[in-house]
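What follows is a short report on a single structure.
Read-outs: derived from the displayed coordinates by stated rules, not from any lab. Being a predicted model, the structure only gives us computed values, none of them experimental. Using ideal geometry, Cβ is built from the backbone for each residue, glycine included, and neighbour counts are taken over all protein chains shown.
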Amino acid sequence: MNPSQLDPRDAVSRRRFLASTAAGIALARAAQPAGETPAVRPNVVFVFADQWRAQATPFKDDPNVQTPFLARLAAESVNFTNAVSGCPVCTPYRASLMTGQSPLTNGLFMNDVPLPGHAVTIAKVFKNAGYDTAYIGKWHLDGHGRSSYIPRERRQGWDYWKVLECTHDYNNSAYYADADEKLHWDGYDAIAQTRDAQQYISDHARAEKPFVLFLSWGPPHEPYQTAPEPYRQRFHPENLVLRPNVPPEAQEKARTELAGYYAHMAALDDCLAALEETLTSAGIAEDTIFVFTSDHGDMLGCQGRWKKQWPFEESIRVPFLLRYPAALGRQGRTLDAPIDAPDIMPTLLGLCGVPAPDSVEGLDFSGYINGGPRPGDGTAVIMCPQPFGQVARKHGGREYRGIVDGQYTYVRDLGGPWLLYDNANDPCQLQNRCNDPAMADVQARLDAQLIARLAQRNDEFLPGRVYIERFGYTVDDTETVPYQP
């Protein structure tokens, strides 16, 4: 049940033909002074799923996942094996993605609050640099109701626009374009959104201006049992292999939900393959930066917990593949430096030769991707400034700050040290080594690094209520921002 393919164009302009050949690109880049805008500026196709954890990928050796295209893409891409979602929930990730800032800088540390219109966003910067901009799918940054029309002045620089604030009704999925008229995707929305992205790519393949296209899918976020039937038939709960950190009391529910989770992923894998075929048919695959990632993970019973916001591996780790054949070739390689949502904007801008604005706090990994030194200190900060929603305090949620590197996860809550895991030797985090005398030196080092990173961010690590009041949010009795369906 592959998404239908568009007919390839019968011709490509001379410029795009030059850009689609390795020799032509090499000549164009050789004539370009270092540090300046590339002579042939790449397109950007940035695809991100909702709640796809890094562990559920073929390159993490998940025996259940059926994603052959993702395996192929990884073999041709830079694979950031320690990519994280530093504030692992929908709106905070998306705001950091758009602004290159931490959640306590842009103020979006909870769901269903608005990104201010004056924000300096990735779309605005690309647009000012001469790019066409397009966004398709889930938005979750407007804060004016999950089904409301979003006028152009609140679109943060995106011109082509087929978006709904938030829905997970994947087979009856609405969206708005330029008019205040609710439209609906045909069938399973991720497939229909992919077809629309294919059309956009084909329409813009021979244009003089490069483009940046963001495609934001709702799956594999729950409801899990709603992928098209042919995909659901591939996965049976009783045949699934669970991670060792799913306790017995959670296993039956985990198996049922995982079967649907993997079905969504199989459908999305076909969508990724369809995008690749369109890029190839249009003659622009070589000179297009193609990224696949996710906004956060999903616990799915691991540690006896569910959904996101938690500081555990299944919640914070996300896949992050970046392919740019013209500059990087098609030989896959892995990079172990942690990359977080605020780093994506400056990195993409850097690869395109576009200066990042001063408002950006994230690190530019473009030089590192090209063989240069690693930026930063090799750590990423993880946080929950305010527990809410599915992980409200009544469900065990708590404020925390933590730090991850290539080996360890260390987390403090408001009461002090909480978690310490040696992920290299205990990848399923079965043994919390926090306050273990044998780990005292490691814990002291990580604690000092965390304190330094928080000071760097001007993060005082205060109770969530302080930030709610500071940013003027209205919350209900679970300290969650209410929203209109």
What does the net charge come to around LEU272 if you take all other residues with beta carbon closer than 14 Å to its beta carbon, with K and R at +1 and D and E at -1?
-2
Point-to-point label distance, ASP476-HIS118, nm (Cα→Cβ direction, 7 Å offset)
3.2 nm
Note on the range 128-215: alpha-carbon gyration tensor, axes a ≥ b ≥ c; rule is a/c under 1.5 for rounded, else prolate if a/b larger than b/c, else oblate; result oblate
With a ≥ b ≥ c from the Cα gyration tensor eigenvalues, square-rooted, and the rule rounded for a/c under 1.5, otherwise prolate when a/b > b/c and oblate otherwise, the chain is rounded
What does DSSP give for the chain in terms of the percent of beta bridges that are antiparallel, rounded to the nearest 5?
50 percent
What distance in nm separates the simple spin-label points at SER359 and ASP436, each placed 7 Å from Cα in the Cβ direction?
4.4 nm
What percent does the relative contact order of the chain come to when contacts are Cα pairs within less than 8 Å and at least six residues apart?
22 percent
Counting Lys +1, Arg +1, Asp -1, Glu -1, what net charge surrounds GLY157 among other residues with beta carbon under 13 Å of its beta carbon?
+2
Residue span ALA179 to GLU153: 0.36 nm per residue of separation minus Cα-Cα distance leaves a gain in nm of 8.1 nm
Using the Cα centre as the reference, give the magnitude of the dipole from point charges on the C-beta atoms of the range 14-369 (Lys, Arg: +1; Asp, Glu: -1; all else neutral), rounded to the nearest 20 debye.
580 debye
Qualifying lysines (Cα of each under 18 Å from Cα of LYS182; at least 8 residues distant if same chain)
LYS138, LYS162
Net charge contributed by nearby residues that have their C-beta within less than 12 Å of ARG94 (K/R +1, D/E -1):
-4
Say the dipole of the chain comes from +1 at the beta carbon of Lys and Arg and -1 at that of Asp and Glu; which of VAL113, ASN79, ALA266 then lies farthest toward its positive end?
ASN79
Structure-based [θ]222 nm, the chain - -39500 (n - 2.57) summed over DSSP H runs of at least 4, per residue, nearest 500
-8500 deg cm²/dmol
Could you give the dipole magnitude of the range 278-391 about its Cα centre, charging the beta-carbon of Lys and Arg +1 and that of Asp and Glu -1, in debye to the nearest 20?
340 debye
Straight-distance crosslink candidates among lysines, where the alpha carbon sits under 16 Å from LYS124 and sequence neighbours closer than 8 are dropped
LYS209
Students often forget the sequence filter, so: which lysines lie under 24 Å Cα-Cα from LYS394 once same-chain residues fewer than 8 apart are removed?
LYS253, LYS307, LYS308
Relative to the present Cα-Cα distance, how much length would full extension add between ALA71 and ARG234 at 0.36 nm per residue of separation?
56.9 nm
